[in-house]
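Right, one structure below, let's go through it.
The values are calculated or read from the model by the stated rules, or taken from the named source; none is laboratory data. Predicted, not measured: the structure shown is a model, and the values here were computed from it. Virtual Cβ from ideal backbone geometry, glycine too; neighbours counted across all protein chains shown. Areas reflect the complete protein model, heavy atoms only, side chains present, ligands, DNA and RNA absent. Shrake-Rupley method; radii C 1.70, N 1.55, O 1.52, S 1.80 Å.
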Amino acid sequence: MADLTSAAPGAEPSLDSLATSGRKVSKASLIDTALAMKDVILPTLAKGPLIRRRGMVTMAERQGMDDKAIRRMQTLRRKYGSGPLVLGIPFRPQALLLSRHDVHMVLAYSPAPFTAATREKQAALGHFEPGNVLASRGIDRGRRRQLNEETLETGCQRHSMGPHFATSVAEEMELVCEEALSKGRLDWDTFFVGWMRMVRRIVLGTAARDDSTLTDLLEGLRYRGNLAFLRPKARHRRRKLLDQLKRYVGDAAPESLAGKMAQHCQDPNQLPHHQLPQYLFAFDPGAMASFRTLALLSVHPAVRQRVAAELAQTTSEGVPQLPLLRAAYLEALRLWPTTPAILRETLEPVDWSDSRLDRGTHLIVFTPFFHRDDETLANAHTFDPDRWVDKVVRAEEGLVPFSYGPVQCPAAQFVPMVASLAMRHLLTRLTLELTEPGRLDPTRLPATLDNFTLSFSAR
Ligand code: HEM
């Protein structure tokens, strides 16, 4: 049995509190298991866990799939109570978490006794970054986490290389603005091509700016990763990707994240080239959230005016704080979380009141449910950026866009910094109006928003 007290980090309540929480583990009936699969799990997998399938995201918005999933989770909680709900799936015990208190505790007590390196995740990430921190356990995980934290300066609002990155952001976003002005329109593809040039410069250095074949190679492997165990590994292509990244680390420009990683790497087993695919691909959600933030600002003129006032006070030099623009970005990530399923696996049996979760149980934190749970969260469906000023997670309330605890995204401050610099440039240079404002009703925002089909008129 897990010693539930010794693992307690800092201010977190002891894990013993799960054993006395009054929340018990329940087992879903076969019918409820089928309904949870149909409404929650299969649509999430169909959209693509590692790379979104565009057609599925468009269909998800049209059919209100996330609204349906959230209602299903609420129905299950009413029926079974708020303890973990074990689904009736043979061979692999899977449990949905239904209480935000459990989410807080499970994330706080990761990676033990709740490991993030679940078998499903290892299979999915194994397609392109088998040695990534997220797929690692034990000592390897600790050393690789340290390297990621040192590179990304986890916890710092302004990265020490921020002023250099700000120049790359401004130059690439300026090209996006010029193209948008010439077309009179800013669409996803225009934005994303420029965003990825910016990402390659930040992650690998200026020499990689136009190396789209590298990111295309990674993209193909991510599609394979979407199917985890179900697709064989493309070993030759994986080797090609990792070899190219190894070369980038070897020749790394000092003012890139790869360069900083090379400087901090103390042990070859930290595998910098296995950490970098995550950096390249995890900027996709950064772009999605930026585009959604621009859409939110377009239909919320009062917040847009406050953001404009904030931007007017900053100079174009350096890295300004931009607390309201960052908060708007985090609110977009709350409304449309880009990691819809945070996964854990129990390394030991864990007690929940007078019930127990077996070792090897796969735990699913379905974030859209906690972020939009109007039975526990005020203003769940409206845009309220002020709730995020000076915060990146609100784990006690189940708001975990970057997860929480020792496995929390190490880029939780870095990404909002880069995104707010990019949005600052676009908002300062362009007047953007959402072309289909009817998609966003400010009194009740939809639970799915397809970023790929958003577009703005640009002047
Ligand atoms: C909007 C953009 C992003 C969001 C919402 C996001 C969110 C997350 C989430 C939810 C996790 C899972 C943590 C868990 O299982 O508890 C994670 C892990 C991670 N993210 Fe991010 N992420 C983003 C962008 C990035 C970027 C750009 C980088 C790197 C430059 C990055 C690096 C990582 C790493 C290395 C991990 C693994 C952490 C570990 O296992 O300790 N993320 N991220």
Please pick out the residue among G286, G250, G318 that is free of Cβ contacts under 8 Å to residues at least 24 places away in the same chain and not polar (S, T, N, Q).
G250
Flagged in the range 322-369 as in contact with a Lys or Arg (Cβ under 7 Å, 6 or more places away or on another chain), more than 11 Å from the ligand (Cβ to nearest atom), open to solvent by 10 Å² or more (accessible area, probe 1.4 Å) and within 25 Å of M288 (Cα to Cα), in numbering order, are L324
For E129, indicate whether it is buried (at least 17 other Cβ atoms within 10 Å of the Cβ), of a type in the set (D, E) and in a loop (DSSP other than H, G, I, E, B).
yes
Going through P130, P111 one at a time, which residue ends up being more than 13 Å from the ligand (Cβ to nearest atom) and of a type outside the set (V, I, T)?
P130
So which pairs qualify, if the first residue must be in the range 41-52 and touching a residue at least 40 places away in the same chain (Cβ under 8 Å), the second must be among the aromatic types (F, W, Y), the Cβ gap must be under 7 Å, and the two must be at least 6 apart or on different chains?
I51/Y223
Are any of the residues in the range 173-186 hydrophobic (A, V, I, L, M, F, W, C), within 15 Å of the ligand (Cβ to nearest atom) and either surrounded by fewer than 21 Cβ atoms within 10 Å (Cβ to Cβ) or touching a residue at least 40 places away in the same chain (Cβ under 8 Å) (or both)?
no
How many of the residues in the range 422-438 are in a helix (DSSP H, G or I) and open to solvent by 10 Å² or more (accessible area, probe 1.4 Å)?
7
Go through the residues of the range 381-395 one by one and say whether even a single one is open to solvent by 40 Å² or more (accessible area, probe 1.4 Å), more than 8 Å from the ligand (Cβ to nearest atom) and in a helix (DSSP H, G or I).
yes
The range 187-209: number of residues that are open to solvent by 50 Å² or more (accessible area, probe 1.4 Å), over 22 Å from S455 (Cα atoms) and in a helix (DSSP H, G or I):
2
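Given the options R92, R77, name the one that is basic (K, R) and assigned to a helix (DSSP H, G or I).
Exactly one residue qualifies, and that residue is R77.
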Residue list for the range 439-459, filter: part of a strand (DSSP E or B) and among the aromatic types (F, W, Y)
F456
Can you find even one residue in the range 265-281 that is over 22 Å from H127 (Cβ atoms) and within 16 Å of the ligand (Cβ to nearest atom)?
yes
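Using the structure shown, decide if A46 is open to solvent by less than 20 Å² (accessible area, probe 1.4 Å) and either of a type in the set (S, T, Y) or outside any loop (DSSP other than H, G, I, E, B) (or both).
no
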From P446, P401, P406, P410, which residue is within 8 Å of the ligand (Cβ to nearest atom), modelled with pLDDT of 95 or more, under 30 Å from L107 (Cα atoms) and surrounded by fewer than 20 Cβ atoms within 10 Å (Cβ to Cβ)?
P406
Give the residues of the range 344-375 that are farther than 17 Å from T20 by Cα and either without any contact (Cβ under 8 Å) to a residue 60 or more places away in the chain or assigned to a strand (DSSP E or B) (or both), sorted by residue number.
R344, E345, T346, R359, H362, L363, I364, V365, F366, T367, H371, D374
Got at least one residue in the range 239-252 being surrounded by 20 or more Cβ atoms within 10 Å (Cβ to Cβ), within 14 Å of the ligand (Cβ to nearest atom) and modelled with pLDDT of 95 or more?
yes
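Working carefully through the options L107, L98, find the one that is modelled with pLDDT of 95 or more, under 21 Å from the mean Cα position of the chain (by Cα), surrounded by 20 or more Cβ atoms within 10 Å (Cβ to Cβ) and assigned to a loop (DSSP other than H, G, I, E, B).
L98
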Read through the list (1) surrounded by 22 or more Cβ atoms within 10 Å (Cβ to Cβ); (2) touching a residue at least 24 places away in the same chain (Cβ under 8 Å); (3) within 13 Å of the ligand (Cβ to nearest atom), then give the number of the only condition that A135 fails.
(2)
Considering only the range 271-313, give the helices (runs of 4 or more DSSP H) lying wholly within it that have at least 1 residues that are among the polar types (S, T, N, Q) and open to solvent by less than 40 Å² (accessible area, probe 1.4 Å).
272-281, 283-299
